[in-house]
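Heads up: the structure comes next, in structure tokens.
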2 protein chains.
Amino acid sequence: MPARAGRRQALSCGPLGDRATRVPLPPLPDSTPVARMAQTNPLPVPTGPWKITLYDQENFQGKRMEFTTSCANIMECSFDNIRSLKVDCGAWIGYEHTGFCGQQFTLERGEYPRWDAWSGSNAYHVERLMSFRPICSANHKESKITLFEKENFLGRQWEIGDDYPSLQAMGWANNEVGSMKVLCGAWACYQYPGYRGYQYILESDHHGGDYKHWREWGSHAQTFQIQSLRRIQQ
Amino acid sequence: MPARAGRRQALSCGPLGDRATRVPLPPLPDSTPVARMAQTNPLPVPTGPWKITLYDQENFQGKRMEFTTSCANIMECSFDNIRSLKVDCGAWIGYEHTGFCGQQFTLERGEYPRWDAWSGSNAYHVERLMSFRPICSANHKESKITLFEKENFLGRQWEIGDDYPSLQAMGWANNEVGSMKVLCGAWACYQYPGYRGYQYILESDHHGGDYKHWREWGSHAQTFQIQSLRRIQQ
């Protein structure tokens, strides 16, 4: 890992906290030159425990850049595409479109050599990842969510603190969840069993943890269908 | 649900236990006629808690058939393709090829309206599911596995009983696992973080729970790469 400058920067977790967040790297001997970004906030304030490294080619090749906080538009960092990435620290959420819109991708620590490592298996394939941000509330050890049968926190309810690859196997009546309250941590909810299909990332520090209708699950949500959900790991 | 005949049949969990397993259904008013299979073992022995319903069209349309145990070749049940399915009871493993070979798909209770609900997001897309069997040892509440850094149960080891969408976030040194011993339950291991990429299903009642090299993880395994793993839910 080459020496890097300017890592002590303000870290803000919200989608609007994209200031002074890009950490340029010197060119690597075995890599194409790294894009150099202006430092707009050189204040030596503590950084958070988040770090993600992006590449514009598959298998961690090509242009390379590290980030320690959110980015609303990768094209403003002279990236046309993100084709591989490594999450070095923390949990992140990636989005199909700029401005934190479109399909959501859970990005936990590890190596993602191609788009198919983070994207869902949906019929509507998404190879693009155009914006991203840290998931500050992710807490694998202490996560809690209440599921409600109907929208607006009505009907039968069930408080859970563990991962469930099949809600129906645990006694949930059907393939839908009407609304949810995130009490602790951050959760990834999925359209199909086994953590497949569309992902919806719900956080205790967004909307006050309240998600009273599928319209609040994300700009790509279109139905109440949720068949599995799990804690997100920091 | 129409009345069904012949559900009291021997249930065998191994890939070779495919006898008297197919449960034909009478035609449904709103469906194409159901293929009728011969009952080769009508003995009234107790059935297991497994049931899966297959359809040869997407969205639970077309030819329909229920199974309560394994099937080595769907074409022998006059299915050319499985295009949607519902897991009504128990956990199952689906395979890309006949004879329990090729990519593995974890099938837990719930609805799978298209192939992309069970298949991985891999570059090598698999729309086929040609054989399947129950996962008898799945036990969400009591599952335990030991990971070893190197093949043949050598190197550092780590015993876990919870799901880990990122092994590296929990302190595992790299993106590989050398060998594994399944002590209780059944586990799904994945190439990428967040339960993505190739799946390898490891069971306490197969190989004595011992998986000493990636060659034993499945006929599709080619590397030691594993970045997430989780319990399979019965």
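From A:Trp187, A:Trp172, which residue is within 23 Å of B:Tyr190 (Cβ to Cβ) and of a type outside the set (Gly, Ala, Ser)?
A:Trp187
Please enumerate the residues belonging to the stretch A:180-210 that are of a type outside the set (A, V, I, L, M, F, W, C), within 17 Å of the chain's Cα centre (by Cα) and over 18 Å from B:Pro193 (Cα atoms).
Scanning the stretch A:180-210 gives A:Gly185, A:Gln191, A:Glu203, A:Ser204, A:Asp205, A:His206, A:His207, A:Gly209.
Look through the stretch A:201-234, keep the residues that are away from every other protein chain (no Cβ under 14 Å) and in a strand (DSSP E or B), and return whichever of them is most open to solvent (accessible area, probe 1.4 Å).
Result: A:Asp210.
Have a look at A:Gly194, A:Gly218, A:Gly208 and point out the one that is more than 21 Å from B:Tyr112 (Cα to Cα) and either among the hydroxyl-bearing types (Ser, Thr, Tyr) or free of Cβ contacts under 8 Å to residues at least 40 places away in the same chain (or both).
Only one candidate qualifies: A:Gly208.
Just a yes or no: is a residue in the stretch B:176-186 touching a residue at least 60 places away in the same chain (Cβ under 8 Å) and either farther than 25 Å from B:Ile52 by Cβ or not assigned by the TED database to the domain that holds B:Glu76 (or both)?
yes
Anything in the stretch A:60-104 that is at positive phi, without any contact (Cβ under 8 Å) to a residue 60 or more places away in the chain and out of contact with any Asp or Glu (no Cβ under 7 Å at 6 or more places or on another chain)? List them, or say none.
Selection gives A:Phe60, A:Ser78.
With (1) aliphatic (A, V, I, L, M); (2) over 18 Å from the mean Cα position of the chain (by Cα); (3) outside any loop (DSSP other than H, G, I, E, B) as the list, and B:Ala173 as the residue in question, which single condition is left unmet?
With respect to (1) aliphatic (A, V, I, L, M); (2) over 18 Å from the mean Cα position of the chain (by Cα); (3) outside any loop (DSSP other than H, G, I, E, B), B:Ala173 is out only on (3).
Go through A:Ile145, A:Ile135 for me and flag whichever is over 17 Å from the mean Cα position of the chain (by Cα) and of a type in the set (Val, Ile, Thr).
Of A:Ile145, A:Ile135, the one residue that is over 17 Å from the mean Cα position of the chain (by Cα) and of a type in the set (Val, Ile, Thr) is A:Ile145.
Take the conditions within 15 Å of B:Gly194 (Cβ to Cβ) and not assigned by the TED database to the domain that holds A:Gln222 and apply them to A:Arg128. Does it pass?
It is false that A:Arg128 is within 15 Å of B:Gly194 (Cβ to Cβ) and not assigned by the TED database to the domain that holds A:Gln222.
With the condition kept exactly as written, say whether any residue in the stretch A:143-166 is β-branched (Val, Ile, Thr) and within 8 Å of another protein chain (Cβ to nearest Cβ).
no
For the stretch A:170-190, does any single residue satisfy the condition of being crowded, with 23+ Cβ neighbours inside 10 Å and within 9 Å of another protein chain (Cβ to nearest Cβ)?
yes
Would the stretch A:118-139 turn up any residue that is without any contact (Cβ under 8 Å) to a residue 40 or more places away in the chain, open to solvent by 30 Å² or more (accessible area, probe 1.4 Å) and away from chain B (no Cβ under 11 Å)?
No, the conditions are met nowhere in the stretch A:118-139.
The values are calculated or read from the model by the stated rules, or taken from the named source; none is laboratory data. Just so you know, these numbers come straight off a predicted model, no measurement behind them. So basically every Cβ, Gly included, is an ideal-geometry build from the backbone, and we count neighbours across all protein chains shown. Just so you know, the surface numbers come from the protein's heavy atoms only, side chains and all, with ligands and any DNA or RNA stripped out. Shrake-Rupley method; radii C 1.70, N 1.55, O 1.52, S 1.80 Å.
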